[in-house]
Each structure stands twice: as C-alpha cells, then as structure tokens.
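This report refers to the structure that appears directly beneath it.
Bear in mind these aren't lab numbers, they're just calculated from the coordinates by the rules spelled out. Everything numeric in this text was worked out from a predicted model, so none of it was measured. For neighbour counting, all protein chains shown are included, and Cβ atoms are generated from backbone atoms with ideal geometry for every residue, glycine included.
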Amino acid sequence: MASVWPKLQRHAGALRERSREWPAFTVITTPSPWRVAEPMLSRVPARVIFVPSLRRADLDQALAQARGAGLIVGIGSGTAMDAAKYVSKHLDARLIQVPSTASNNACFTRACWVLEPGERRSERPTPIPEAIIADPGLIGSAPASLNAAGIMEILCSHTALFDWELAHHAGRDVDWNEPLRDFAQGELDRLETLAPLVGAGDVEAYLDLLEADARFAPGFTAHPKARFNSASEHLFGWALEEQTGRRLVHGETVSLGILLMAHIQDNRPEWAARMTLAARVPFRPEDIGVTWDEVTRTCAMLPAFTRKVPWYSIIDVLAERDPSLALLQNRCAAARDFVRGLG
C-alpha cells in the first residue's frame, strides 16, 4: 500500500496511458462519469460496480460485489471516491483514484463518509491511493458548475482557519500547527488569480484546483485532528442536506456556508463573497435547490448538529456565550441579510 501521496497526473490522455498498466481491476463508479470514462480506458475492467449512495448498506453491497479484487479504481466524483476508499480499505486492495470533476477533494483525504440513519460517520484511515489521475478530457466533460464548485474546497479554509484558531485557544485537541496555518493561508491568497479563471470555465484552472487539493493532502495525513480546511462552513452544508432530506451539490452548499459563517465570524465576508462571485459558484438558496426557510431552519439546528460532528467552531463559541442561542440566531439573521444583498 502507498505510504506517500502520489503526484497528481493531469496530462491529456493520462487515463488511457495509465490504464494499460492495470491488471484485472474493479471499477467503483456512478453512471454519468462511467459513460465518459469507459471509452477512455485501454483495458476492460473485470467488474464495474455502481454505487448509488454512501449509505452503509450501499457501501457494504459494493464491498460484497468486489470480493477478491486486488485493485480498486474509483472513477467519478465524491460518492465514487469515498466508496472506492471504503472498499479498498476493507479488502486490503490497491487503490487508484480517477476524479471525473474538480468539484470536491474526496480523493485527497484519508476518510470516507458513511451515512447511517440519522447520522454521518467518518471512517478512517482509508488507504492512500497509489495514483490519482486527472485527465483533462474527463474533467472537462463535467458540467462547468460542478467543476467550479471545487474552488470551495480551498475557499473553505477562510472560515476553517478562524474556527481552528478558536478551538486552539479554547484548549481543544486540534493538532494546532502554525506552518500548516500559513500554508493554508497561502492557498487562499492564490485564489485572487485562480477564481476568475475558474469562473471563465478554464479547464486548466479546474486542474489547478485539484493540484491545490493535492497540496493539502499531506497535511490531512500528518494532522488528522486539524481543522484547517473544514469547520463551521462544512457543518452548515451537511446540516442543510439533513434538513432538506435532499442530495445537494457539496461545493454549492459549502459556498453558502462560507458566506454565512464568515459574516457570523466577522471574518472578511466581503472578500469571501468576491472570490465566490468571481468563480461564478451558485450560493443563493434559489440557485442551489433550497429555500430561505430551509436555511433558517438549518441555522436553528446547528448547535444540535455540531454534537453529531463535534468540531469546535464559532457555533460553539456563541452558544457558550448565550445558552439561550439568541445571540447565535441574531448573528445568523444578519448573515442571511448579508447574503441576500450580494449582487
């Protein structure tokens, strides 16, 4: 099994070239990316397993179908990436990841989400893949809106770094590391140049998002308790999905979460909004498939939701200051007004 994160392979024809080397392999995927990726492969896989969701029952069914596989190749977006990690871990099989969009960083983390009734569990550690292949032909075939949403896996550090420092000063065990904080801030600074290119639909910019995700990967491994790249903005996005009962685009829910939480933190929300608007990532509820009423109900449930994913953040700080939660709700209301007023 790999012990060091591999260099991202991002050149044209990379999938066809690398798949020539694969022996009998099992693909974990979903229908849309598989339709594009299948003709790009040099070899026919031994098995193709479609995973409809990250529910435990669906993951275990994929695991049963993959029994005996020595090489797992995940092809797709977040669901396929996490499912491939789950199957590879439980089979002790080699892992190769082939993201079909830049929409998330799932292939660069050592955790996979497992959905149980009423809760979201993180299973870790999952294997480090021996190769990650970002073929421009595959990435470029995905909807531009999905690829652009991947910038939120970097922009989320804007609110996460704030929460991480709060947790550190509160004495929480969060793997505080100043060089890692400075590294993440440097990645945020790069967005000044990258966000407009993402908004313009530049496929190379989408690949640059994946390169940035790859730079984060060693930090995830070395500091698994650190919250330098996900905190209150992700908690909001996951709570919104739970509140609505619908599957939403991860980067779009996180985009709304970043804007709301940055305002609640009093943490340069205008800068976060400028990056979001430059990248043309949807964030208004009506554009991401939810309503303002659902956003309001999600904000109200955040203190309870944080007990399911216990990451210390601005949500906890405000709840500690005012256990009646009036302070948190007032901050949420002001943040909603801020988002409504964005051009």
*Relative contact order for the range 144-340, counting Cα pairs under 8 Å that sit 6 or more residues apart, in percent*: 30
*Tell me, what HN-Hα J-couplings in whole Hz come from the Karplus equation 6.51 cos²θ - 1.76 cosθ + 1.60 at θ = phi - 60° for each residue of the range 90-98, using x for Gly and Pro?*
6, 9, 6, 9, 5, 9, 10, 10, 10
_To the nearest 20 Debye, how big is the dipole of the range 14-139 about its Cα centre, given +1 on the beta carbon of each Lys and Arg and -1 on that of each Asp and Glu?_
100
_Can you order the peptides 101-112, 293-304, 167-178 by their average number of other Cβ atoms within 10 Å per residue, highest first?_
101-112, 293-304, 167-178
*Lys225: which lysines have alpha carbons under 21 Å from its alpha carbon, excluding same-chain residues fewer than 8 sequence positions away?*
Lys85, Lys89, Lys308
_Need one number: nm distance between label points at Thr296 and Arg321, each 7 Å from Cα along Cα→Cβ, rounded to one decimal._
2.3
*Using +1 at the Cβ of each Lys and Arg and -1 at the Cβ of each Asp and Glu in the chain, identify which of Ala62, Pro323, Val339 lies farthest towards the dipole's positive end.*
Ala62
_Dipole in debye (nearest 20) - the chain, about Cα centre, beta carbon charges: Lys, Arg +1; Asp, Glu -1_ = 900
*Quick one: compute the contact order of the chain, relative version, from alpha carbon pairs under 8 angstrom and 6+ residues apart, as a percent.*
16
*Positive dipole terminus of the chain, leading residue within Leu197, Ala12, Val281 (C-beta point charges)*: Ala12
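For the range 187-342, with only Lys/Arg (+1) and Asp/Glu (-1) charged at the beta-carbon, what is the dipole magnitude about the Cα centre, in debye rounded to 20?
Magnitude of the dipole: close to 440 debye.
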_Among 147-159, 204-216, the order from most to least packed when residues are scored by Cβ within 10 Å on average_ = 147-159, 204-216
_Modelled label reach - Thr221, point 7 Å along Cα→Cβ, the range 1-17 residues with backbone N closer than 18 Å_ = 1-10
*With label points built 7 Å along Cα→Cβ from the Cα atoms of Ala2 and Ser122, find their separation and express it in nm.*
2.1
*Sequence of Leu342, Leu259 once ranked by neighbouring C-beta atoms within 10 Å, starting from the fewest*: Leu342, Leu259
*Farthest toward positive dipole pole in the range 144-340 [+1 Lys/Arg, -1 Asp/Glu at C-beta], among Trp292, Trp238, Phe220*: Trp292
*Quickly work out the Glu286-to-Arg67 label distance, labels modelled 7 Å from Cα along the C-beta direction, and quote it in nm with one decimal.*
5.3
_5 Å is the cut-off here: which amide hydrogens, built 1.01 Å from N in the peptide plane, fall below it relative to Arg55, excluding neighbours closer than 5 in sequence?_
Leu115
*Which whole-number percentage describes the relative contact order of the range 14-139, with Cα contacts under 8 Å and a sequence gap of 6 or more?*
25
